[in-house]
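Participant: Below you'll find the structure I mean.
Only the coordinates and a few stated rules stand behind these numbers; no lab work does. Quick caveat, the model's predicted, so the values are computed rather than measured. Neighbour counts run over all protein chains shown; Cβ positions are idealised from the backbone, glycine included.
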Amino acid sequence: PPERTLVLVKPDGVRRGLSGEVLRRIEAKGYSLVAVELKQATTELLAAHYAEHEGKPFYAPLVEFMLSGPTLAVVAEGQGVIPGFRSLAGATDPTEAAPGTIRGDLGRDWGLKVQQNLVHGSDSPESAAREIGLWFPHL
Ligand code: CMP
């Protein structure tokens, strides 16, 4: 089956009007868009999506931030898209992320309790399958 990943434009990215810029970079790289939906996350969805971070100090601020506005959920497809999108996104910390990447070009430290780092990308085939099932139950 074709390789797919889940990309999220987080509420900071949507608020700043960067949804189109993120989609543009995914498409310019040569990946295909399979599904795109603006969604308001729920506590239940985020508890499942971020289960691995439960108990960490940034978990509560992370969930609060992710509930603060709509998220653009995207399924992108293409050979190598899982590591390929993470490479487009850049390092988790936007201060460290290399110029040329989404976080390096468009993100910064806003001095908040959680990294508001614009985008999420699945980190493995197992995560991608699980996360796509959570955000797009019909896919
Ligand atoms: P993401 O990789 O999508 O999923 C976990 C999120 O938690 C991460 O993006 C950041 O938004 C945030 N995060 C990860 N590590 C930290 C940290 N050390 N401090 C604050 N926020 C973090």
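Participant: List the residues whose amide H sits under 5 Å from the amide H of Val119, counting only those 5 or more places along or on another chain, with H placed 1.01 Å from N in the peptide plane.
Facilitator: Long-range HN contacts for Val119: Lys10.
Participant: Normalized C-alpha radius of gyration of the chain, against 2.2 N^0.38 Å?
Facilitator: Normalised by 2.2 N^0.38 Å, the Cα Rg of the chain equals 0.97.
Participant: Between Leu6 and residues 5 or more places away or on another chain, which pairs have amide H atoms under 5 Å apart, with H built 1.01 Å from N, and which residues are they?
Facilitator: Ser122
Participant: Using the Karplus curve 6.51 cos²θ - 1.76 cosθ + 1.60 with θ = phi - 60°, what ³J(HN,Hα) values do you get for each residue of region 121-137, in whole Hz, with x for Gly and Pro?
Facilitator: Result, ordered by residue: x, 3, 9, 7, x, 5, 4, 4, 4, 5, 6, 4, x, 6, 8, 10, x Hz.
Participant: What relative contact order, as a whole-number percentage, does the chain give when Cα pairs under 8 Å and 6 or more residues apart are counted? List each step's numbers first, then the result.
Facilitator: On the way: 231 pairs, mean separation 50.2, N = 139.
It comes to 36 percent, rounded to a whole number.
Participant: Along region 96-103, what does the Karplus equation 6.51 cos²θ - 1.76 cosθ + 1.60 (θ = phi - 60°) give for ³J(HN,Hα), rounded to whole Hz, x for Gly and Pro?
Facilitator: 8, 5, 5, x, x, 9, 4, 6
Participant: With a cut-off of 14 Å, note down the residues of region 36-70 whose backbone N falls inside the zone around a label point 7 Å from the Cα of Ser127 toward its beta carbon.
Facilitator: 49-54
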